Structures are given as structure tokens and as C-alpha cells.
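The values are calculated or read from the model by the stated rules, or taken from the named source; none is laboratory data. A quick note: this is a predicted structure, and the numbers were derived from the prediction, not measured. When we count neighbours, we look across all protein chains shown, and the Cβ atoms used for this are built from the backbone with ideal geometry, even at glycine.
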Amino acid sequence: MGTVTIGVSIAVPEPQGSQLQQLRAGFGDAAAHGIPTHVTLLPPTEVDSAALPAIEAHLTEVAAAGRPFPMRLQGTGTFRPLSPVVFVRVVEGAEACTWLQKQVRDASGPVARELAFPYHPHVTVAHGIDEESMDRAFEELADYEADWPCTGFALYEQGEDGVWRKLREYAFGGAVVPPQAGHVEHGTIGSR
């Protein structure tokens, strides 16, 4: 069956997702049209395609334990010089994203993996382009703001053409906050 490259992320909803994607392309990032605008929970990960059913079952469990939370993007940041990335900052919902990505990558789960860099939720708007264009992205989106209620996440697969396509969406569970998630969600919902 071979391997596939998957990722798990929270999509930035419309119209903001398409707006940021168009801006990313406008800054000269050739990959922009193949990457839906998102906050990463699991970076590109190569897995055996036979493992997909187990991964989907695991993600269903993670989503069932999750609760909707407010997401707010505001302003820009960069990982330069460590990594050639300019991003829009997640200023609300970061704690919940951090909790979710830990659950997705749980050591006992089917997609356990270490990260190359410490987890930092963000929305990439420029990656691997010339410094002048990176500076332009950083400056032009410095006043950017968007917010929405995050109600779930999705599993994506990268095609041979480099384009990321959604395989399945996962909605968060019911009205009861699971004990293992309580400390995170209570800290983000209604605390501002």
C-alpha cells in the first residue's frame, strides 16, 4: 500500500482563509495555493497508508475529548533567523491548540513523533521566500485581526502534486469538559 504524508490542522475559516492564502501567494510564496490556511496540530508526517484507519480512530477520540474554544489571530511574528517563516500570531486559543497537538502526537498513539522545534501555534503567511518579501509580509499584516469559534480540526493528505487535501473533519465533543482537558479549556474560555 505504501506511505502517505498527512497533517492535522485547524482551518482558518472563510473568508479569512482564502484572503490570507491570496496574500501569501502575493508575497511570492509559490506553495501558497497548495496549502489551505491553517494552524498546525501535526506537521507533515509520513505514515504507512495501512495505518490511516487507526489514525482516524485516534483523531476521533481526541476530538471527542476536545471542547470548542475562541480563536483569535492578531499581528505578525517570525521564526527568522532560525526558520524562514513569517506568521500571523494566535493570541487567543493557543493553550487549547497546544493541548490538542499533544493529544494528537500522544506517545501511545498511532502518530507519536517528536517535533524539530518547540510547538508554537501560528498561521504561516510567508515561508522560504526572499528576505525583502518576508519583511513586506511582516509589515503588511502587522495590523491583521480575525476571530472565530474553533469547533474542531481536520486530517489532510499531501498529494503527489504537493497539494494538501482534506480527508476528514473532526468536530469537538459534547458539553461536558473531560477531566484531562478541563484545566486548558477553562483557562481559555471566558478568561478575557
Margin query: Going residue by residue through segment 97-118, is there one that turns out to be among the aliphatic types (A, V, I, L, M), touching an Asp or Glu at 6+ places or on another chain (Cβ under 9 Å) and touching a residue at least 60 places away in the same chain (Cβ under 8 Å)?
Written below: no
Next item on the list: Kindly check whether there is at least one residue in segment 89-110 that is of a type in the set (D, E, K, R), more than 29 Å from THR3 (Cβ to Cβ) and not in a strand (DSSP E or B).
Entry: yes
Checklist line | Residue list for segment 80-96, restricted to those being in contact (Cβ under 8 Å) with a residue 24 or more places away in the chain and under 16 Å from the mean Cα position of the chain (by Cα) | finding: VAL85, VAL86, PHE87, VAL88, ARG89, VAL90, GLU92, GLY93, ALA94, GLU95, ALA96
Notebook entry, point to check: Just wondering, is there one or more residues in segment 37-45 that are out of contact with any helix residue (DSSP H, G or I) (no Cβ under 7 Å at 6 or more places or on another chain) and under 14 Å from CYS150 (Cβ atoms)?
Noted result: yes
Margin query: Can you confirm whether SER133 is touching a strand residue (DSSP E or B) at 6+ places or on another chain (Cβ under 8 Å), over 20 Å from GLY17 (Cβ atoms) and among the small types (Gly, Ala, Ser)?
Written below: yes
Notebook entry, point to check: Hey, does segment 23-46 have a residue that's modelled with pLDDT of 95 or more, touching a Pro at 6+ places or on another chain (Cβ under 9 Å), surrounded by 18 or more Cβ atoms within 10 Å (Cβ to Cβ) and in a helix (DSSP H, G or I)?
Noted result: no
Margin query: Quick check on this structure: which one of ALA112, ALA126 is in contact with a strand residue (DSSP E or B) (Cβ under 8 Å, 6 or more places away or on another chain) and either of a type in the set (A, V, I, L, M) or farther than 13 Å from PRO43 by Cβ (or both)?
Written below: ALA126
Next item on the list: Report whether or not THR60 is under 18 Å from PHE172 (Cα atoms), polar (S, T, N, Q) and not in a strand (DSSP E or B).
Entry: yes
Item checked: When residues of segment 33-53 are limited to those that are more than 10 Å from the chain's Cα centre (by Cα) and of a type in the set (Val, Ile, Thr), the one nearest to ILE6 (Cα to Cα) -> THR45
Margin query: Yes or no: segment 17-35 includes at least one residue that is under 30 Å from SER108 (Cβ atoms) and out of contact with any Gly (no Cβ under 8 Å at 6 or more places or on another chain).
Written below: yes
Note to self: Checking the structure you have, find out if any residue of segment 113-121 is among the aliphatic types (A, V, I, L, M), within 21 Å of ILE6 (Cα to Cα) and in a loop (DSSP other than H, G, I, E, B).
What the structure shows: yes
Item checked: Condition check for PRO70: touching a Pro at 6+ places or on another chain (Cβ under 7 Å), surrounded by fewer than 20 Cβ atoms within 10 Å (Cβ to Cβ), touching a residue at least 40 places away in the same chain (Cβ under 8 Å) and over 29 Å from GLY2 (Cβ atoms) -> yes
Note to self: Of the conditions (1) farther than 16 Å from PRO121 by Cβ; (2) in contact with a Ser or Thr (Cβ under 8 Å, 6 or more places away or on another chain), HIS38 satisfies every one except a single condition; which number is it?
What the structure shows: (1)
Check: Is there a residue being touching a residue at least 60 places away in the same chain (Cβ under 8 Å) and in a helix (DSSP H, G or I) anywhere in segment 144-154?
Finding: no
